[in-house]
Amino acid sequence: QAKALGRNNYSFYNQKLHQEAIVKHKLELELNCAIDNNLLCLHYQPIVALDSGKIKSYEALLRWPDSDNGFRNTEEFIEVAEESSLILKIGDWVFKQACLQLEIWSEQGINDRHIAINTSANQFNSDDFTELILKYVRKSPFLAQKLTFELTERKPLAISSKTVKRLLVLSELGFKFSVDDFGIGHSSISYLRAFPMDSIKIDKSIIQNILTSNEDLALCTAIIALGKALSLDVIAEGVETEEIANLLNSLACPYAQGYLYAKPMPL
Ligand code: C2E
Ligand code: MG
Ligand code: MG
Ligand code: MG
């Protein structure tokens, strides 16, 4: 009987894995279809100077509308896309979309806007992506001055000489680079040593605790000092209250982003 039960458990487990694989596969197909049918869109959230309130940049955040007027969970579908080549297709689309928007603004005579886009490490390591970027810059050189690539520390870029070279070439053209989710990854300092970064974004899980946790306050203070010492712009993510903004301002944190200023929103 125990044997039978064991077998049943095994098949149950197998079935569950199988079920999960099917759900994932279905999501991949739907996402692929959504990209091809141009159903995805970008929302934008301002990054502001803490002292003056002046807007530094707009972070583009991917949105996938669902059937009842809401949106699918971005973090969830990006995670699935990261496991397939879909993330490359998404990354190309986001880059092109941001360039298109910058070109529209430029035609309207609006030249002071900057966009930050999230880029996965896989994307960054693909030769096709660099080709795409260079193709766009050859056509419209001004784009390079107006785009920041946010690279997350959670799924870090492999530190290879090829990647470093690629980053240097793109920085020389004028593109900016930011370490996203700084402080919760495994490579914070080595990242800054290896790559020519321009800014760091302190992860919102740290920022949201600075009023209640001495450790997170100390970490935040140290990261701001680190940024200053290395001439990097520091951006606090996930600022939701006036109290947190005031504290960050008193710590001389230069930039912030969060619901206090604006939620991500359509153009
Ligand atoms: P992220 O790059 O760290 O983006 C910040 C996230 O925090 C966004 O979540 C934003 O909506 C949210 N947020 C902003 N202000 C606040 C606040 O005050 N409080 C709280 N609780 N949250 C705030 P979102 O849009 O759901 O995106 C989640 C993650 O998905 C992003 O984190 C980024 O890692 C990834 N992602 C989004 N768009 C793209 C994309 O186009 N490409 C890639 N590869 N990843 C993307
Ligand atoms: Mg980001
Ligand atoms: Mg982040
Ligand atoms: Mg994040």
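The values are calculated or read from the model by the stated rules, or taken from the named source; none is laboratory data. Keep in mind it's a predicted model, so treat the numbers as computed, not measured. Please note: Cβ atoms are built from the backbone with ideal geometry, for glycine as well, and neighbour counts cover all protein chains shown. Side chains are part of the model used for accessible areas, which takes the heavy atoms of the whole protein and leaves out ligands, DNA and RNA. Shrake-Rupley method; radii C 1.70, N 1.55, O 1.52, S 1.80 Å.
Miscellaneous remarks
- Residue-normalised accessible area of the chain, expressed per residue, 1.4 Å probe, Å²: 55 Å²
- The distance linking the stretch 147-180 with the stretch 237-267 is 25 Å (Cα centroid to Cα centroid, whole angstrom).
- By DSSP, the beta bridges lying fully in the chain are antiparallel in about 35 percent of cases.
- When only the Cβ of Lys, Arg, Asp and Glu is charged (+1, +1, -1, -1), the dipole of the stretch 111-234 relative to its Cα centre reaches about 420 debye.
- Other-chain or far-sequence residues with amide H under 5 Å of A116's (modelled H): Y58, E59, A60, T148
- For the chain, Kirkwood radius (reciprocal of mean inverse C-alpha pair distance, Å): 20.2 Å
- Considering only S178, C253, N69, and ranking their Cα positions along the charge dipole of the chain that arises from unit charges at the beta-carbon of Lys, Arg, Asp and Glu, the one farthest toward the positive end is S178.
- Sequentially through the stretch 197-214, phi angles give Karplus couplings (6.51, -1.76, 1.60; θ = phi - 60°) of 8, 10, 8, 10, 10, 5, 4, 5, 5, 7, 4, 6, 10, 5, 7, 10, 10, 4 Hz, Gly and Pro residues having no value and appearing as x.
- In the stretch 49-119, trypsin sites (Lys or Arg not before Pro) in a DSSP loop with at most 14 other beta-carbon atoms within 10 Å: K54, R113
- For L211, net neighbour charge (Lys/Arg +1, Asp/Glu -1) across residues whose Cβ lies under 15 Å away: -4
- Amide H contacts of I235 (H built 1.01 Å from N, under 5 Å, at least 5 apart or other chain): I200, K201, I202
- Student exercise, the stretch 210-267 dipole from Lys, Arg, Asp, Glu Cβ charges, in Debye to nearest 20: 180 debye
- Under a 5 Å amide H cut-off, with hydrogens placed 1.01 Å from N, R72 pairs with W64, D66 among residues at least 5 apart or on other chains.
- Given in Å, the Rg to one decimal and the Dmax to the nearest whole number for the Cα atoms of the stretch 19-99 are 15.0, 52.
- Sequence-ordered 3J(HN,Hα) estimates for the stretch 251-257 from the Karplus curve with 6.51, -1.76 and 1.60 and θ = phi - 60° stand at 8, 6, 6, x, 10, 9, 8 Hz, glycine and proline given as x.
- Alpha-carbon Debye profile of the stretch 128-267, log10 I(q)/I(0) at 0.21 Å⁻¹: -1.26
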